[in-house]
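Bear in mind that the values in this text are calculations on the coordinates, not laboratory data. Worth saying up front: this structure is predicted, and the values here are computed from it rather than measured. Neighbour counts run over all protein chains shown; Cβ positions are idealised from the backbone, glycine included.
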Amino acid sequence: MSVPLTLPSGETYGMFCCLSPHPNRTLNERDLQVMRMFAEIAAGQIGAEIDEERRVKALRTRIETTIGEIGRAHV
């Protein structure tokens, strides 16, 4: 059973899967809903981490640019 991992931004990130070497014919709609719930929780966490990485990268770029401009102004 698998469901898509959709980030809060709407971007599809991957799949949330539960695999077994043997078929389980007892799985039903409730099981699918549980998988969707876990996928939503995981996607929220992944989305938050991606947003934080982007924020840190943008700050780092701004700092590096500012340092470079200060260095060029003093040469």
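What's the ranking of 56-64, 38-46, 19-27, 5-13 by average number of surrounding C-beta atoms within 10 Å, highest first?
Values: 56-64: 10.0, 38-46: 14.9, 19-27: 7.1, 5-13: 13.2.
Going by the mean number of other Cβ atoms within 10 Å, highest first, we get 38-46, 5-13, 56-64, 19-27.
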Size of charge dipole - the chain - debye, nearest 20, with Cβ of Lys, Arg +1 and Asp, Glu -1, no other charges: 100
Using only Cα positions of the chain, each an equal point scatterer, no hydration layer, compute I(q)/I(0) via Debye at q = 0.12, 0.21, 0.25 Å⁻¹ and quote the log10 values to two decimals. -0.53, -0.91, -1.07
